[in-house]
Amino acid sequence: MNRDEIYEMLKGFLVELFEIPEERISLDAHLANDLDLDSIDAVDLVLKLQEFAGRKVSAEQFRSVRTVRDVIDQVHELLDQAS
């Protein structure tokens with residue numbers, strides 16, 4: 001799965017789980033400041049990503065995630081490790 005496909009999937013999760021309008025979601029959107037995700041939302045997102053990737057995601061892996069692009073990078077890395 002390439003980064004564009006991960007981005008589309010992630011946008012779907014953000015719209016579905018958090019009712020964020022798709023037009024607010026961009027690669028540089030900050031999860032907390034731009035998309036209003038709090039720490040509980042972040043946990044929900046990590047759980048959804050774990051389900052998607054079929055791999056456990058450690059809190060350490062997502063500690064530095066701040067933007068949509070950061071999430072895509074982490075998911076891409078997880079999927080690479082799985083293959």
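The residue that is nearest to D80 (Cα to Cα), counting only those in the stretch 4-45 that are open to solvent by 30 Å² or more (accessible area, probe 1.4 Å) and among the β-branched types (V, I, T), is V43.
V71 meets all of the listed conditions (1) assigned to a helix (DSSP H, G or I); (2) under 12 Å from the mean Cα position of the chain (by Cα); (3) surrounded by fewer than 18 Cβ atoms within 10 Å (Cβ to Cβ) but one, namely (3). Within the stretch 46-68, the set of residues being within 19 Å of V15 (Cα to Cα), open to solvent by 70 Å² or more (accessible area, probe 1.4 Å) and not in a helix (DSSP H, G or I) comprises just one member, R66.
The values are calculated or read from the model by the stated rules, or taken from the named source; none is laboratory data. The structure displayed is predicted, hence computed values, not measured ones. Counting neighbours? That spans all protein chains shown, and the Cβs are built from the backbone with ideal geometry, glycine included. These accessible areas exclude ligands, DNA and RNA; they are computed on the full protein's heavy atoms, side chains included. Shrake-Rupley method; radii C 1.70, N 1.55, O 1.52, S 1.80 Å.
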